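In what follows, a structure is listed as structure tokens, so that the remarks can point back to it.
Bear in mind that the values in this text are calculations on the coordinates, not laboratory data. These numbers were taken from a predicted model, which means no experiment stands behind them. Note that we place each Cβ from the backbone using ideal geometry, even for glycine, and neighbour counts take in every protein chain shown.
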Amino acid sequence: MALINENYLKLPGSYLFSEIARRVEAYKSANPEANIIRLGIGDVTKPLPEAVITGLHTAVDEMADEKTFKGYGPEQGYDFLLEKIVEFDFKTRGVELATDEIFVSDGSKSDTANFQEIFSQDTKIAITDPVYPVYVDSNVMAGRSGTLGTDGKWSDMVYIPCTAENDFVPQLPTEKVDLIYLCFPNNPTGTTINKTELKKWVDYAKANQAIILYDAAYEAYIQEDDVPHSIYEIDGAKEVAIEFRSFSKNAGFTGTRCSYVVVPKQVMGYTEAGEPIEINKLWNRRHCTKFNGVPYIIQKGAEAVYTEAGQAQIKALVAYYMNNAKMIREGVASTGIEVFGGVNAPYIWLKTPAGMDSWTFFDKLLNEVNIVGTPGVGFGPSGEGYFRLTAFGSKENTEEAIRRFTTEFKL
Ligand code: MLT
């Protein structure tokens, strides 16, 4: 008898974004004429930058020629890409990394979901709340969650609330934790952390032999000078932090899939006997066993992001979406609804009006003004009473959505 991993049965019926899609489809089939504007899932809408397209085309041609054809590549990524990452994303910020501390992969969703695999079953997990659901669900699947309470919390996980009351700044836990998921700029709240606050987490991790899993997928959206772009800008972070980066949100790779994980060699995990083990070695072992590398063509596309033209084009993309973010922020604020984020991130987090719960507000927006957003509670119990809109739509759709929104909720 093939026994299943029963932890899967603990998971709520569907992944958040599948549930949203289901409700939207149901509405659409009942109202086929409705002009629905989707500002729900954080998926980009602009095409890949020209430089990337050129890189991809060239690589396709190379694959057609026996002399330049590539089969299996290095699982960790080609040197041409690793070198650019080290140089452009880190050295320019004063962070020294070696190329064998970078692992190119197919997306931060898989990376953040998979990384927990190399830790023991008993690892105590801390998550900020609200949070990107993948961090939680992947640990539920792995059997680290305990049971789901009526308060929406898993009994064995430590929740760090980030709400308007604490200005969305995560406070250190009062109980000892081993693995800490942080995401800045934050999905879903669109807020950031400053260096002083981030340093507290690095110090905590050092003092407790804990590890921080730092998701920086939205790094390119940082506009303000005092916001750290990488956790390694904090002293000591290279001893305790893993960082996740993605080409999805800065360069439009959501459908093309390319990301990377930074695993500095100083980061240690421990055996039960207390022997330190390099996390880099374990991750390398896991990566090479389960992954055969991102396609050469895609890595050539990603490499083109670092050309002069590529850099200018991704800046323009980010500016385009940040203009939407500003429109949403200002439009929502003009109705008197409280709004957060959207300054250094493509997400706008708002307080639902009149104390409505998140899903009621979702249904109201969908039914009355045909706008799709994401209910805050879908990101965790502290998200109840909040709602997320993304800046990743087209300018025209965002304008129209805000026109409808401000008419519906005008002061
Ligand atoms: C989101 O809407 O939160 C995004 O789709 C996250 C992701 O990139 O998977």
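Counting neighbouring Cβ atoms within 10 Å and putting the fewest first, the residues 53, 328 line up as 53, 328.
List the longest stretch of the chain that has no exposed loop site; here a site is one of the GluC sites (Glu not before Pro) assigned by DSSP to anything other than H, G, I, E or B, with at most 10 other Cβ within 10 Å.
Result, exposed sites excluded: 273-411.
By the count of other C-beta atoms within 10 Å, a proxy for reagent exposure, 377, 305, 263 are ordered fewest to most as 377, 263, 305.
For residue 351, the lysines whose Cα falls under 16 Å of its own Cα, not counting residues fewer than eight places away in the same chain, are 364, 410. Comparing 374, 123, 398 in a Gaussian network model of the chain where C-alpha atoms under 10 Å apart are linked, the largest mean-square fluctuation is found at 123.
Normalising the average separation of contacting C-alpha pairs (under 8 angstrom, six or more residues apart) by the number of residues puts the relative contact order of the chain at 23 percent. The per residue volume of the convex hull around the alpha-carbon atoms of the chain is 169 Å³. Short-range pairs are left out: with C-alpha atoms under 8 Å and at least six residues apart, the relative contact order of the range 166-233 is 38 percent.
Our note on the geometry: Cα centres of the range 334-411 and the range 117-149, 28 Å apart.
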